[in-house]
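In what follows, a single structure is set out as structure tokens and then discussed.
A short reminder: the numbers here are calculations on the coordinates, not readings from a lab. Only a predicted model underlies this, so the values are computations on that prediction, with no experimental measurement involved. In this analysis, Cβ positions are derived from the backbone assuming ideal geometry, glycine residues included, and neighbour counts consider all displayed protein chains.
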Amino acid sequence: MVCNSKPVHLFHGTSSFTYAYRYLVGHAEYRNFDILPVISALNLVLSAHPNRTQPGAGVMVGRNRYFFPSASPPYSLGAGLEAWRGFYSSVRPSFNQLMVNVNVCATAFYTEGNLAEAMNAFEQASFGARMSVFVQRVRVKTDHLGHQKTVKRLAKVNAKQHKFEAQELGGIVTVEEYFRRSTLLLFAYSSSKLAF
């Protein structure tokens with residue numbers, strides 16, 4: 001079995017806008033016409049511009065919702081979160097025509113910055129909410145290595161407590177020791193829980 005990481009595109013057939021129009025007008029012989037492939041194709045066309053990969057492109061959250069960090073200044077929600085404004089768009093069938101539904105919306109994003117500081121701000125402002133839910137699936141970039149990772153879970157221990165085998169340092173060390181000895185970085189948030 002060969003695994004290939006390239007996307008697979010399957011051809012499902014063609015859809016005629018003439019048939020879709022006849023369905024929308026209400027011709028009886030087209031009442032069983034499947035209009036969903038036409039709607040899906042038009043939604044793809046509608047999402048092409050906000051979903052582009054150029055600078056200033058929108059961030060897609062969910063289906064057909066786009067948020068733009070540069071459109072207006074984000075509104076601070078506190079606790080390491082901010083609200084971005086955006087819009088929702090979709091193609092809808094109606095009698096005799098297709099309509100484009102466009103609505104304004106907003107959603108919460110994490111404030112860019114240090115994850116440990118965001119965790120501390122969340123803990124102080126959340127009145128006992130679960131920290132593990134707050135950090136789950138957050139994309140982080142490490143300063144010392146430049147890696148981008150997604151946080152899967154929060155450990156029950158901090159950098160002073162978690163130990164692991166580091167042969168290059170001569171045995172078992174804590175996370176705090178590892179950073180101090182191998183990278184010469186001071187671990188400023190050693191009492192914060194570790195994110196994996």
Inset, instruction - List every residue whose amide H lies under 5 Å from the amide H of L81, counting only residues 5 or more places away in sequence or on a different chain, with H placed 1.01 Å from N in the peptide plane. - result: T111
Inset, instruction - Give me the number: length gained by fully extending Y21 to L77, i.e. 0.36 nm times residue separation minus the C-alpha to C-alpha distance, one decimal in nm. - result: 15.6 nm
Legend entry - Net charge contributed by nearby residues that have their C-beta within less than 11 Å of T174 (K/R +1, D/E -1): +2
Legend entry - Cut-off 14 Å between beta-carbons: net charge of the residues surrounding K141, Lys and Arg +1, Asp and Glu -1: 0
Inset, instruction - Please order F68, F95 by the number of other Cβ within 10 Å, starting at the fewest. - result: F95, F68
Legend entry - Potential lengthening between K149 and V45 on full extension [0.36 nm per residue; Cα-Cα distance subtracted]: 34.3 nm
Legend entry - Per-residue ³J(HN,Hα) for the range 111-121, Karplus 6.51 cos²θ - 1.76 cosθ + 1.60, θ = phi - 60°, Hz, x for Gly and Pro: 6, 5, x, 6, 5, 4, 5, 5, 5, 5, 5
Legend entry - Ranked packing of 119-125, 72-78, most packed first, by mean Cβ within 10 Å: 119-125, 72-78
